[in-house]
Amino acid sequence: MNKLSQPRPDILTFSNRALNRIKTLLKDAPKEAMGVRFGIKTGGCSGMTYDVSYALEEKSTDEKIVKEGVNIYIDAAATLFLIGSEVDWSQDKLQSSFTFNNPNESARCGCGESFKV
């Protein structure tokens with residue numbers, strides 16, 4: 001098998017906890033929500049933050065993943081920053097959030113809210 005015929009790695013993979021949380025969020029989502037969108041925004045002390053929002057439209061440039069009947073969209077501008085990442089859901093007595101195990105990160109701020117590549 002040559003390098004051109006090898007499958008590319010998934011942009012994002014999801015733990016069962018993350019997928020279950022997405023399903024729960026979509027049950028209470030606005031009726032126009034088509035799924036959940038993952039992306040990147042500039043900000044935070046390290047320069048970039050993860051962004052999770054309802055997908056209210058399907059953009060032609062989005063990467064679309066369907067997992068267990070759930071539509072997950074990845075903003076095209078975030079693809080290179082997210083490729084190979086795993087999304088998890090973390091919850092304790094004080095906070096809850098999606099967490100990212102991103103092999104592309106070169107640094108993360110002390111509070112864990114932002115990163116740089």
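Readers should treat all values here as calculations from the given coordinates under stated rules, not as data from a laboratory. Predicted, not measured: the structure shown is a model, and the values here were computed from it. Please note: Cβ atoms are built from the backbone with ideal geometry, for glycine as well, and neighbour counts cover all protein chains shown.
A dipole drawn for region 9-116 from +1 and -1 charges on Cβ atoms has a positive end, and of Leu94, Val36, Leu26 the residue lying farthest that way is Leu94. Rg/Rh for region 9-116 stands at 0.95; both radii use Cα atoms, and Rh follows the Kirkwood definition. Model label sites at Lys31 and Glu68, defined 7 Å from Cα along the beta-carbon direction, differ in position by 2.7 nm. Under the combined filter of DSSP loop state and at most 10 neighbouring Cβ atoms within 10 Å, region 58-96 retains these trypsin sites (Lys or Arg not before Pro): Lys93. Placing dummy labels 7 Å off each Cα toward the beta-carbon, the span from Ala77 to Leu56 is 1.7 nm.
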